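> Take this structure first; my questions come after.
The values are calculated or read from the model by the stated rules, or taken from the named source; none is laboratory data. None of the values given here were measured: they were computed from a predicted structure. Note that each Cβ is placed from the backbone with ideal geometry, even for glycine, and that neighbours are counted across all protein chains shown. With ligands, DNA and RNA removed, areas are computed over all heavy atoms of the protein, side chains included. Shrake-Rupley method; radii C 1.70, N 1.55, O 1.52, S 1.80 Å.
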Amino acid sequence: EFHLATLQPFLHSCAQLIPSVNVKNIIIALVDRLAASKEIELPEDLFNTFSEQISNIIKSRPEMPLEDIIIMKGSLINFSIKKISEKQKREESMNAVLGATLEVIKNKCNGAQIHFKTNVGKELLKFLKIPITRREDNNLSGMAPIKLSLKMSNFKNLLKVTDTELHKQITLSLLNSALDSGIEDKILEENRLSLEEIETLLSEICEPLRIGPPIEDGQELEEEFIDEQTLLSRFIHYLLSPVCVDPEDLELKYLILSSSKKILSSGGPHRIRYTYCSIVFEALKLTLSYNKRDPEKDPKWEKKCNKIFQFVNQTISALSDSNSPDLCLHLFLQAALNANKTRVKDKEAVAYEFSTKALSIYEDEISDSKQRLSCLLLIIATIKEIDFKSEENIQPLRSQCPLNASKLVKKPDQCRAILSASLLFCDKEKIENDAIKCIKKCVKIATTLMDTELKIQLFVEILSHLSLLVKYKNEEIEAMIREMIEKINEQKKEVTLSELTEKQFVK
């Protein structure tokens, strides 16, 4: 009460203090003390009073360091958050403080940018983080930091007077604040974003993450760079979440994905390697959302799904320059599985197209022996999972898998891959002769190994695989099971089995 009664003469006196007095600390202590008050009702014009008097103090002290001015302005932002309950008025007050700070910076810096590693840069970072990271107060319940940063026009304007590194640090704080906001259970329509706002966000606010110094092929990527691009990739998912977009507005989601892809393309192959993955997965999720639509209410749902599959194909193909063939292979296989889950009439043709692209990448671009095995096993598992009805589609794929398996460098890898490929020739009702041929080839490969312990291990794996096929009641399968048991028992006389192999054999 005393502070309020003596506020005007106190602030007026502060402006008259001699230059050597640290007036910044006096003002901040007063503002923070009143901002922390809970039982005393404050005048409605108190913010305006503080704002006006702080401006007067700044004018009366032209020698005041810029970082001190920014710290005082920060106390006004903090006061707005804590004491202005009406949302629009609070946002207008904060934007006004940002605007006034921008004017001071322009006057003090004469067009020069503020650098991250300077004292001014460090204080400006703290200052801009206040409105987008503070949410422990009741006034901020449901306040989405992204929406707030876009509504406060001077937030974006202040980014223009910073260097790239400072701009990037502010953007990282904003994105982390959004991802950690925890307001999914308090989704508000007013906080959702329009296409224009998302385009502004990605193209302007996220500019230092989206583009940057060119990266040469073969250059090792720094951990910091990978973390930043991974964060931006996570943020793409956030932009398509119910927090930002109505889950039923599928058309808007598609427009956001298309626009995001276009904006992020300027980042070059090493950046889209991370950001395009999110776009692909969100697009595939969108096809499943369209798939649930009632054809009577949306007769064009199937056409829209096919359009999205084309978009997915183009997006993954654009990653071909990012020197990450394994990533493209994984994405094509995921797209194939996704197509199989829809009711699209041509879903089998779509799945086949994506599967053949993955197989082509494997044959032409995957060279590392360990990677070839893991990728081939993934291809086999994907083809097995897809419900191909047409023999024209399934036959080329399943015949190519054991062929590729036999080309692997290491014989144990050949054996395991061909063993997996044999399942492509089995269905719920019957086992084809080609499956038996594959297993016999595995036995032949394992028999030629000189390492007895490895040979037994492969025999056990073949036996384990054969046990899955007993349900077909095939005489050749039963004969091979007996043969493998004999081979294993015979080899066991020469070498002791490992504990894991012994357990697998006994079971």
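> Checking the condition open to solvent by less than 40 Å² (accessible area, probe 1.4 Å) and part of a helix (DSSP H, G or I), which residue from PHE309, PHE281 passes? Full working, then the answer.
Values: PHE281 fails: open to solvent by less than 40 Å² (accessible area, probe 1.4 Å).
Exactly one of PHE309, PHE281 is open to solvent by less than 40 Å² (accessible area, probe 1.4 Å) and part of a helix (DSSP H, G or I), namely PHE309.
> Hey, ILE54 hits all of (1) surrounded by 11 or more Cβ atoms within 10 Å (Cβ to Cβ); (2) part of a loop (DSSP other than H, G, I, E, B) but one; which does it fall short on?
Just one mismatch for ILE54, condition (2).
Here is a yes/no grid of residues against (1) open to solvent by 50 Å² or more (accessible area, probe 1.4 Å); (2) hydroxyl-bearing (Ser, Thr, Tyr):
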residue	(1), (2)
ALA339	no, no
SER355	no, yes
ILE361	no, no
LEU377	yes, no
ILE386	no, no
GLU391	yes, no
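> Still on this structure, I have one more. Report yes if ILE84 is out of contact with any Leu (no Cβ under 9 Å at 6 or more places or on another chain), surrounded by 14 or more Cβ atoms within 10 Å (Cβ to Cβ), of a type in the set (Val, Ile, Thr) and more than 20 Å from PHE10 (Cβ to Cβ), otherwise no.
yes
> I've got another one for you. Within the group SER498, SER420, which residue is under 20 Å from TYR362 (Cβ atoms) and of a type in the set (Ser, Thr, Tyr)?
The conditions single out SER420.
> Considering only the range 466-501, state which residues are open to solvent by less than 80 Å² (accessible area, probe 1.4 Å), under 43 Å from the mean Cα position of the chain (by Cα) and over 22 Å from ASN433 (Cα atoms).
Across the range 466-501, the qualifying residues are SER498, THR501.
Residue by residue, here is whether (1) surrounded by fewer than 20 Cβ atoms within 10 Å (Cβ to Cβ); (2) over 12 Å from PRO402 (Cβ atoms) holds:
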| residue | (1), (2) |
| --- | --- |
| ALA417 | no, no |
| ASP427 | yes, yes |
| ALA435 | no, no |
| LYS441 | yes, no |
| LYS444 | yes, yes |
| THR448 | yes, yes |
| THR452 | yes, yes |
| ILE456 | no, yes |
| SER464 | yes, yes |
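> Answer yes if at least one residue in the range 319-329 is of a type in the set (Ser, Thr, Tyr), open to solvent by 60 Å² or more (accessible area, probe 1.4 Å) and either closer than 13 Å to ILE379 by Cβ or out of contact with any Gly (no Cβ under 7 Å at 6 or more places or on another chain) (or both), and no otherwise.
yes
> Restrict the check to the range 216-238 and report whether at least one residue is surrounded by fewer than 16 Cβ atoms within 10 Å (Cβ to Cβ), outside any helix (DSSP H, G or I) and polar (S, T, N, Q).
Scanning the range 216-238 turns up at least one residue that is surrounded by fewer than 16 Cβ atoms within 10 Å (Cβ to Cβ), outside any helix (DSSP H, G or I) and polar (S, T, N, Q).
> Name the one entry in SER241, SER260 that is outside any helix (DSSP H, G or I), polar (S, T, N, Q) and within 23 Å of PHE311 (Cα to Cα).
On the way: SER260 fails: outside any helix (DSSP H, G or I).
Step by step, each of SER241, SER260 is checked, and only SER241 is outside any helix (DSSP H, G or I), polar (S, T, N, Q) and within 23 Å of PHE311 (Cα to Cα).
> Under 7 Å between Cβ atoms, at least 6 apart or on separate chains: pull out the pairs that start in the range 492-507 with a residue that is among the hydroxyl-bearing types (Ser, Thr, Tyr) and end on any residue that is surrounded by 15 or more Cβ atoms within 10 Å (Cβ to Cβ) and part of a helix (DSSP H, G or I).
So the pair list comes out as THR501/ILE456; THR501/GLN457; THR501/VAL460.
> Please tell me if LYS73 is of a type in the set (Lys, Arg), open to solvent by 30 Å² or more (accessible area, probe 1.4 Å) and under 21 Å from VAL23 (Cα atoms). Steps first, answer last, please.
On the way: of a type in the set (Lys, Arg): yes; open to solvent by 30 Å² or more (accessible area, probe 1.4 Å): no; under 21 Å from VAL23 (Cα atoms): yes.
Against the criterion (of a type in the set (Lys, Arg), open to solvent by 30 Å² or more (accessible area, probe 1.4 Å) and under 21 Å from VAL23 (Cα atoms)), LYS73 does not qualify.
> Identify all residues within the range 175-209 that are open to solvent by less than 30 Å² (accessible area, probe 1.4 Å) and modelled with pLDDT of 80 or more; write none if there are none.
Residues satisfying the conditions are LEU175, SER177, ALA178, ASN191, LEU193, ILE198, LEU201, LEU202, ILE205, CYS206, PRO208, LEU209.
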